[in-house]
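Only the coordinates and a few stated rules stand behind these numbers; no lab work does. For clarity, every value in this text was computed on a predicted model and none was experimentally measured. Neighbour counts are summed over all protein chains in view; Cβ atoms, including those assigned to glycine, are modelled from backbone coordinates with ideal geometry.
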Amino acid sequence: MTKYKEYNHNPPHLFLPNCHYFITASTLGRYPYLKSVKAKEAAYFYLTKSLEKFSWILEDWVILDNHLHIMVKSPQDSTSLGKVMNNFYRFTANWLSKNSIRKIKQKYFHNYWDKCISYESSYYSRINYIWFNPVKHGYVDSPEKWQFGSYHFRFHKDKIDRQIKKYPFDKLDIADDF
């Protein structure tokens, strides 16, 4: 079911089932609340748990000091996106508070912006944007060096895949009848 919803103080949202969404989330005032390694790890943990709770699928992601970008696939009930983001913000904010990361303003996070992707070229352009965002912002000079994004994991997975192809294990004669 397609649903379009407008809000007084937020961007409008188009809700489509089984669709790819490019989402950007930001801290309030772009303050670097997620600067530490532990804060980024906590944000990733709460992001994955929040998406999982509402049956959204995380495809690609990057977390920077003051914002993040994700590519997700919506479930049948795509109207749960607000709940996903609220859950993510709430649990991440609780973690930040408990770990003595003091709020500069009244809250940690501001808003999120989503774009429903309908063209293959738009999808791949945004995936590249996610992967190269740490380079764009000057954190690293190549995306595989940024450990808080999906490119880092895909890059290392490619190395593993090459190793598996180069050194196959299926012909080994190892007693393993346990």
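Numbers for the structure displayed
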quantity: Rounded, prolate or oblate (a/c below 1.5 giving rounded, otherwise prolate when a/b exceeds b/c) for segment 3-166 by Cα gyration tensor; calculated: oblate
quantity: Set Lys53/Lys103; Lys40/Lys103; Lys40/Lys159; Lys53/Lys145; Lys73/Lys145; Lys35/Lys98 screened for pairs whose C-alpha atoms are more than 19 Å apart; calculated: Lys53/Lys103; Lys40/Lys159; Lys53/Lys145; Lys73/Lys145
quantity: Test item: Cα-centred dipole of segment 14-90, Lys/Arg +1 and Asp/Glu -1 on Cβ, debye; calculated: 280
quantity: Fewest-first sequence of Tyr46, Tyr139, Tyr112 by Cβ atoms within 10 Å of each Cβ; calculated: Tyr139, Tyr46, Tyr112
quantity: Options Thr24, Val72, Asn128, ranked by Cα towards positive dipole end of the chain, top entry (Cβ charges); calculated: Thr24
quantity: Exposure proxy ranking, count of Cβ atoms within 10 Å, fewest first, for Ser100, Ser80, Ser122; calculated: Ser100, Ser122, Ser80
quantity: Contact order relative to length of segment 44-83, as percent, for alpha carbon pairs under 8 angstrom and 6 or more apart; calculated: 34
quantity: Proximal charge balance of Asn87 [Cβ under 11 Å; K/R count +1, D/E count -1]; calculated: +3
quantity: Karplus-derived HN-Hα couplings along segment 130-136 (A = 6.51, B = -1.76, C = 1.60, θ = phi - 60°), whole Hz, x at Gly and Pro; calculated: 4, 4, 9, 4, x, 6, 3
quantity: Helical mean residue ellipticity (222 nm; -39500 (n - 2.57) per DSSP H run of 4+; nearest 500) of the chain; calculated: -13000 deg cm²/dmol
quantity: Relative contact order of the chain, pairs being alpha-carbon contacts under 8 Å that are 6 or more residues apart, as %; calculated: 26
quantity: Under-5 Å amide H pairs with Val140, H placed in peptide plane, nonlocal only; calculated: Val135
quantity: Phi-based couplings in Hz for segment 153-159 (Karplus 6.51, -1.76, 1.60; Gly and Pro marked x); calculated: 6, 5, 4, 6, 5, 4, 4
quantity: Rough spin-label spacing in nm, given labels placed 7 Å along Cα→Cβ, for Leu28 and Gln106; calculated: 0.7
quantity: Lys, Arg +1 and Asp, Glu -1 on Cβ, resulting dipole of the chain about Cα centre, debye, nearest 20; calculated: 920
quantity: Long-range amide H partners of Phe15 with built H, under 5 Å; calculated: Lys3, Tyr4, Lys5
